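Written out below as structure tokens is the structure these notes cover.
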């Protein structure tokens, strides 16, 4: 995944209630965030259900995150959305939202 990110790509996870919510910049920060997800959630997969073009430079994705706690074995299933910004073929930013409507509004696709 990192090969598609610009060197200074921003991951905005600040709208999350998770203990590591915040804004992350660059490959090392994205890698640390992803590793934190894997450590805390064990088995993790994302199932994208929608991809919506948001011209001129963004895409909205709606996805389900399915994870299984490594200690408890309990499955967690959460639906969320994100706005990906793209410039010259590289991802320059990702902002995660709790709902599809929030992401569409942020991308200017829905008023």
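Of all the listed residues (53, 57), the sole one being closer than 22 Å to residue 88 by Cα, surrounded by fewer than 16 Cβ atoms within 10 Å (Cβ to Cβ) and without any contact (Cβ under 8 Å) to a residue 12 or more places away in the chain is 53. Of the strands (runs of 3 or more DSSP E) entirely within the range 37-111, those holding at least 3 residues that are farther than 22 Å from residue 6 by Cα occupy 43-54, 58-68, 75-87. If the condition is being closer than 16 Å to residue 39 by Cβ and touching a helix residue (DSSP H, G or I) at 6+ places or on another chain (Cβ under 6 Å), then the range 62-77 contributes only 67. State all residues of the range 6-29 that are within 13 Å of the chain's Cα centre (by Cα) and closer than 25 Å to residue 109 by Cβ; if no residue qualifies, say none. Matches in the range 6-29: 9, 10, 11, 12, 13, 14, 15, 16, 21, 23, 24. The residues on offer are 66, 86, 91, and the sole one that is in contact (Cβ under 8 Å) with a residue 40 or more places away in the chain and surrounded by 14 or more Cβ atoms within 10 Å (Cβ to Cβ) is 91. Looking at the range 94-111 only, could you name the residues that are without any contact (Cβ under 8 Å) to a residue 60 or more places away in the chain and surrounded by fewer than 17 Cβ atoms within 10 Å (Cβ to Cβ)? Answer for the range 94-111, where residues must be without any contact (Cβ under 8 Å) to a residue 60 or more places away in the chain and surrounded by fewer than 17 Cβ atoms within 10 Å (Cβ to Cβ): 99, 101, 105, 108, 109, 110, 111.
Considering (1) modelled with pLDDT of 90 or more; (2) over 26 Å from residue 76 (Cα atoms), the lone condition that residue 63 does not fulfil carries the number (2).
Residue count for the range 17-32 under the criterion of being out of contact with any strand residue (DSSP E or B) (no Cβ under 8 Å at 6 or more places or on another chain), in contact (Cβ under 8 Å) with a residue 12 or more places away in the chain and not in a loop (DSSP other than H, G, I, E, B): the result is 1.
The values are calculated or read from the model by the stated rules, or taken from the named source; none is laboratory data. Keep in mind that this is a model prediction, so the values were computed, not measured. Because the Cβ atoms are built from the backbone with ideal geometry, glycine has one as well, and the counts that use them run over all protein chains shown.
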